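Everything below concerns the one structure shown next.
The values are calculated or read from the model by the stated rules, or taken from the named source; none is laboratory data. Since the model is a prediction, treat every value here as computed from it, not as a measurement. With ligands, DNA and RNA removed, areas are computed over all heavy atoms of the protein, side chains included. Shrake-Rupley method; radii C 1.70, N 1.55, O 1.52, S 1.80 Å.
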Amino acid sequence: VYLTVPAGKAGRGKVTVSVQNRTVEYQAITAHGQALPTGAKVVVVDFITSDTVEVAPAVESEKQATV
C-alpha cells in the first residue's frame, strides 16, 4: 500500500503492483472492515476499472501473490 486504503469502500488509496517486471500504480478500494495502512501487503482481488483495483489484506500463506 502506497497511500492508506480506507475501509469498506469509503474512499480510495493507492497501491503499487509488479506487473510483467515493471511497477504500476493503481487506485485501490477495499471491502474489508478496516483501513489498510501505508506499507501493508495486499492481494488484488478484482479490477474495478482500468486504473482501480479492489484489494484485501495479504495473509502469510499468500506471500508469493502479494503486491
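Quick one: length gained pulling residue 45 to residue 7 fully straight, 0.36 nm per residue minus the C-alpha distance?
Working: separation 38, 0.36 × 38 = 13.68 nm, distance 1.51 nm.
Extra length from residue 45 to residue 7 when fully extended: 12.2 nm.
Return the carbon/sulfur percentage of the accessible area of the chain, one whole number, probe 1.4 Å, all protein chains in place. Accessible surface attributable to carbon and sulfur in the chain totals 48 percent.
Starting from the Cα gyration tensor of the chain, take the square roots of the eigenvalues, sort them a ≥ b ≥ c, and report rounded, prolate or oblate (rounded when a/c is under 1.5, otherwise prolate if a/b is larger than b/c, else oblate). Note, shape of the chain comes out oblate.
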